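Take a look at the structure below.
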Amino acid sequence: PEYSMGQARALMGLSAQLDEELDFREGDVITIIGVPEPGWFEGELEGRRGIFPEGFVELLGPLRTVDESVSSGNPDDCIVNGEVDTPVGEEEIGPDEDEEEP
């Protein structure tokens, strides 16, 4: 979903080391659009998107969350109890290897 969770101001510049990182300068105001993993934000600045460590920015207010993604907080709602009984690799690759003629 395309939505803004809030905004953050850069406390220092970040020069992107990886393609998925967002680079910015000190003082830039970044729109936060996600939290891909603890300690990281996903943001948008001047039409560019990327991730960055939360320690580089200060939030300009509490982050808003959208309830549809975390409706109850119960992990069983999101995880299908692993009943995938697909046999993997049970087809034997035939006797071709043994057919070396002397």
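The values are calculated or read from the model by the stated rules, or taken from the named source; none is laboratory data. Fair warning: this is a prediction, and the values are worked out from it, not measured in the lab. Note that each Cβ is placed from the backbone with ideal geometry, even for glycine, and that neighbours are counted across all protein chains shown.
Counting only residues that are assigned to a loop (DSSP other than H, G, I, E, B), free of Cβ contacts under 8 Å to residues at least 60 places away in the same chain and touching a Ser or Thr at 6+ places or on another chain (Cβ under 9 Å), how many does region 1-34 have?
Number satisfying all stated conditions: 1.
Every residue in region 1-46 that is acidic (Asp, Glu), surrounded by 15 or more Cβ atoms within 10 Å (Cβ to Cβ) and closer than 11 Å to Val57 by Cα, please.
Once the filter is applied, which keeps residues that are acidic (Asp, Glu), surrounded by 15 or more Cβ atoms within 10 Å (Cβ to Cβ) and closer than 11 Å to Val57 by Cα, region 1-46 yields only Asp28.
Would you call Glu37 of a type in the set (Asp, Glu), at pLDDT 50 or above and farther than 17 Å from Arg9 by Cβ?
yes
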